[in-house]
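The next block holds one structure in the form of structure tokens; read it before the comments.
The values are calculated or read from the model by the stated rules, or taken from the named source; none is laboratory data. Note that the structure is a prediction, hence the values are computed from the model and not measured. Don't worry about glycine lacking a Cβ; one is built from the backbone with ideal geometry, like all the others, and counts go over all protein chains shown.
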Amino acid sequence: MLVTSNRLGRGLGYSVVLAGLLAGTAAWAGPTLDAIKQRGSIKVGVGTSPGFFAPDSNGKWQGFFVDFGRALAVTVFGDAEKVSFTSSSPQQRLPALQAGEFDILLSGVTQTATRSFKLGFHFGPIVFYDGQGLLVKKALGVSKAAELDGATIGIQSGTTGELNIADFFRKTKKSFKPVVIEETKEFVNALESGRVDALTQDASDLALRRIQLGKPDDYVLLPERLSKEPLAPAVRSGDDRWLEIVNWTVYATIQAEEYGITQANIDEFLKSEDPGIKRFLGVDKSLGEALELDPKFAYNIVKAVGNYGEIFERNIGKKSKVGFERGYNQPWSQGGLLYSPPFR
């Protein structure tokens, strides 16, 4: 078949574009991923809330966010133990990430526009949908936040809670007395000692703190949520491949739950004839090879830590000591907000 000059020109143009894209893969890796591979482990910044992140009696970190750190180590190294966890306060965590002390924050960071544009952080998929709440003394006799007019409220510094609580009282035309507290331990002590009438923070965090109080039944978590708090992994800008590894590691846990794949039954799914499942589990190796990852990275993640639902239920679900309902943290097919792009 003869090729016209126009078609030839278009073909050459496409070739140039493709060559440019392929050449760009040489610069695909960035400083964070390079440092991780040279070091041989991932450095993760976490907080200190049982169920989300806390060392056990042997000093080994356990928790919801910790499991995502181990999943990342599986994607990068094929080994869930090639990761270290360091506790960081809300005031220190973002500066520490920016300074390179961590490769990623899995400390319950709220994704905001300012943190993305002004501070230069990138966020992975939302792994926990939360909202700011208020923990109050039952003796106050209040049943909703608007009844706290004139109350003294403890706020942990370095969090989005400072702005959210001010916005709430401004909108309701009520007043409050803020007490900004830096130390995490002092935060709870301020409520028990009577220094403040209430505490405000992410509702999940307050629910955990309530059960740690000497007399938890003397306190109540009010029903309102004053804000949206989408908690997501945070990384420094400038390393696209590291960000995508974070993205697709999280998505693998979400997609596995949607497929019904668990730690216990995953090997049975290796026999599936579903092309999507075959790509997902690496039976069809083409996807993994295209991503330049182990074709079985998703299989290995689920084998190591389970799917999203298993991670949630094991650490913070209804049968755990924390006892959270799934709520929005369910697959979209079950009325939640969790959704994975296609693995193709």
**Study point:** Failed criterion for Lys138 (all others in (1) surrounded by fewer than 22 Cβ atoms within 10 Å (Cβ to Cβ); (2) out of contact with any Asp or Glu (no Cβ under 7 Å at 6 or more places or on another chain); (3) over 19 Å from Glu186 (Cα atoms); (4) not hydroxyl-bearing (Ser, Thr, Tyr) hold)
**Key:** (2)
Check your understanding: If you go through region 83-95 one residue at a time, do you hit one that is touching a Gly at 6+ places or on another chain (Cβ under 9 Å), basic (Lys, Arg) and closer than 30 Å to Trp61 by Cα?
Key -> yes
Check your understanding: In region 307-344, which residues are farther than 29 Å from Leu213 by Cα and of a type in the set (A, V, I, L, M, F, W, C)?
Key -> Trp332, Leu337, Leu338, Phe343
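Need at least 2 residues that are touching a Pro at 6+ places or on another chain (Cβ under 9 Å) per element, so show me which helices (runs of 4 or more DSSP H) inside region 199-276 make the cut, counting only ones lying wholly within it. Before you say what the answer is, go through the steps one by one.
Numbers: elements: 203-212, 240-259, 266-269.
The qualifying helices (runs of 4 or more DSSP H) are 203-212, 240-259.
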Exercise for review: Take region 101-116 and flag every residue that is of a type outside the set (A, V, I, L, M, F, W, C), part of a loop (DSSP other than H, G, I, E, B) and more than 18 Å from Gln201 (Cβ to Cβ).
Suggested key: Glu101, Asp103
Revision key, fill the gap. Being outside the structural domain of Gln92 (by TED's automatic domain parsing), closer than 30 Å to Asn189 by Cα and surrounded by fewer than 18 Cβ atoms within 10 Å (Cβ to Cβ) narrows Pro275, Pro223 down to just Pro223
Point to revise | Residues that are out of contact with any strand residue (DSSP E or B) (no Cβ under 7 Å at 6 or more places or on another chain) and acidic (Asp, Glu), drawn from region 225-250 | key: Asp239, Asp240, Glu244
Exercise for review: Check Leu119 against each of (1) part of a loop (DSSP other than H, G, I, E, B); (2) surrounded by 17 or more Cβ atoms within 10 Å (Cβ to Cβ) and name the one condition it does not meet.
Suggested key: (2)
Review point. Which residue pairs have Cβ atoms closer than 9 Å, lie 6 or more positions apart in sequence or on different chains, and pair a first residue in region 227-246 that is more than 20 Å from Pro95 (Cα to Cα) with a second residue that is surrounded by fewer than 22 Cβ atoms within 10 Å (Cβ to Cβ) and charged (D, E, K, R)?
Key: Ser227/Asp167; Arg241/Glu292
